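Down below is the structure, laid out as structure tokens.
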Amino acid sequence: MAKVNITNNIRTLRFFANEMTQQELSQKTGVSRQTIVAIENGKYFPTLELAFRIAQIFAKPLEEVFTFELLTEPESKKPKK
């Protein structure tokens, strides 16, 4: 099964939004600051609803906030049939 890599630009977007703090973003989204930290660090992937909320706060399309990449396994690591 292919692995998924999801990255985000939240920290950069916060900086360009008058240096918005993680706490301010958490209050606007209705989640804890720890959740924002975990999302920024790639340790937690937000629900689709939360991802759209974050994008809306920054007035950006979802694709400018989050990047989705499907990683395929090299041929040598694929199981043989």
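The values are calculated or read from the model by the stated rules, or taken from the named source; none is laboratory data. Everything numeric here is computed off the predicted structure, so don't read it as measured data. As a convention, Cβ positions derive from the backbone with ideal geometry for all residues, glycine included, and neighbour counts pool all protein chains shown. Side chains included, ligands, DNA and RNA excluded: accessible areas come from the protein's heavy atoms. Shrake-Rupley method; radii C 1.70, N 1.55, O 1.52, S 1.80 Å.
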- Message: The conditions are (1) of a type outside the set (Phe, Trp, Tyr); (2) modelled with pLDDT under 95; (3) surrounded by fewer than 11 Cβ atoms within 10 Å (Cβ to Cβ); (4) not in a loop (DSSP other than H, G, I, E, B), and residue 1 fails exactly one of them. Which is it?
- Response: (4)
- Query: Hey, residue 72 hits all of (1) farther than 13 Å from residue 8 by Cβ; (2) touching a Lys or Arg at 6+ places or on another chain (Cβ under 7 Å) but one; which does it fall short on?
  - Reply: (2)
- Message: Take the conditions in a loop (DSSP other than H, G, I, E, B) and either touching a strand residue (DSSP E or B) at 6+ places or on another chain (Cβ under 8 Å) or open to solvent by less than 70 Å² (accessible area, probe 1.4 Å) (or both) and apply them to residue 31. Does it pass?
- Response: yes
- Please find, within region 1-28, the residue that is nearest to residue 62 (Cα to Cα) out of those that are polar (S, T, N, Q) and out of contact with any strand residue (DSSP E or B) (no Cβ under 6 Å at 6 or more places or on another chain). 9
- Considering only residues that are assigned to a loop (DSSP other than H, G, I, E, B) and open to solvent by 90 Å² or more (accessible area, probe 1.4 Å), look in region 17-28 and name the one that is nearest to residue 7 (Cα to Cα). 19
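For every residue, the table says whether it meets (1) assigned to a helix (DSSP H, G or I); (2) of a type outside the set (Gly, Ala, Ser); (3) at pLDDT 95 or above.
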| residue | (1), (2), (3) |
| --- | --- |
| 5 | no, yes, no |
| 36 | yes, yes, yes |
| 51 | yes, no, yes |
| 64 | yes, yes, yes |
| 76 | yes, no, no |
- Note on the structure: Per the filter on region 43-60, residues open to solvent by less than 40 Å² (accessible area, probe 1.4 Å) and within 30 Å of residue 72 (Cβ to Cβ) are 46, 50, 51, 54, 55
